[in-house]
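Notes follow once the structure below has been shown.
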């Protein structure tokens, strides 16, 4: 059986092209499964998975939980707001207490960059990073790239734009890594204040002109303004941001060409994207949500297979 080159999913930067291709191939199989009348497979019947979310999440948490249940794993959910973390317990103590209950795999979202990597070095369990601060969000990048590949075919040479708050976005960084591995050309676009200084060192183009970017690309990923991560004012007003960098029907009509539209959610309708565009035929936002379950099933299945091989 083909297997991943990694024992954890900590970030896209640790993956090889073959790993991504294997995850996509496995996701194809699981996508077929979740479209059957009986959507479950018994693959992980003896496996227990803990979802540790130290930050709020709706889509990612639900998607992972559904993926785990579709694979017949036992699932426990942990929310930091109702836990002993509030009483000062350390991350390692929290996780070791959970592992003492014989948990095999941990899916963790944490506000601090590097938290998943730190955990993987200090506890004896397989770790999936469900987002660590402004650093990486690997499963989101994999489902985005998978959704693009479904619509565009091979991504080598395809032009993909990422627009918005690049500075605070873990989705942007993971997408850049994944799409570069798959051979796509990339351009980021947004106000200068929201683009990291050395972004071009990652091999991506940079623009502050939305129309130029839209004319250049085959697909655009519209990012949300991450107000919860901002302690400064990065642009004059939301209204001005929407006028310059928001996507509306008028801008799409001006293009005179078809482009695919992605959004990792949650959508601020009327800010980065208007409702008519978000709900248009070019938007593959709901495809991303559906593919998210298949991709996360593939990630979990492949990492557990690796776990079983190393423990025998």
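Any read-out appearing in this document is the output of simple, stated calculations on the displayed coordinates, not a laboratory observation. Keep in mind that this is a model prediction, so the values were computed, not measured. All Cβ positions, glycine included, derive from the backbone under ideal geometry; neighbour counts span all protein chains shown.
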As I understand it, the value is the acute angle between the Cα axis of helix 285-311 and the longest principal axis of the Cα atoms of the chain; what does it come to in degrees, rounded to 10?
30 degrees
Sequence of 296, 109, 59, 224 once ranked by neighbouring C-beta atoms within 10 Å, starting from the fewest
59, 224, 109, 296
What angle, in degrees between 0 and 90 and rounded to the nearest 10, separates the Cα long axis of helix 138-152 from the longest principal axis of the Cα atoms of the chain?
60 degrees
Hey, what number do you get for the chain at 222 nm if only DSSP H runs of n ≥ 4 count, each worth -39500 (n - 2.57), divided across all residues, to the nearest 500?
-12500 deg cm²/dmol
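Which of 235, 64, 54 has the fewest other C-beta atoms within 10 Å, and how do the rest follow up to the most?
Fewest to most other Cβ atoms nearby, the residues stand as 235, 54, 64.
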For the residue pair residue 58 and residue 269, what label-to-label distance in nm results when each label sits 7 Å from Cα along the Cα-to-beta-carbon direction?
1.2 nm
If one takes the longest principal axis of the Cα atoms in the chain, at what angle in degrees, from 0 to 90 and to the nearest 10, does the Cα axis of helix 17-34 lie?
80 degrees
May I ask you to work out the translational diffusion coefficient for segment 138-286 at 4 °C, viscosity 1.567 mPa s, via Stokes-Einstein with Rh from the Kirkwood sum over Cα pairs, reported in whole µm²/s?
85 µm²/s
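Going by how many other beta carbons lie within 10 Å of each one, how would you line up 244, 223, fewest first? Intermediate results must be reported in sequence, preceding the final value.
On the way: 244 13, 223 24.
The most exposed by this proxy come first: 244, 223.
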Choice from 288, 21, 140 showing the highest fluctuation, given a GNM over the chain with Cα pairs closer than 10 Å
21
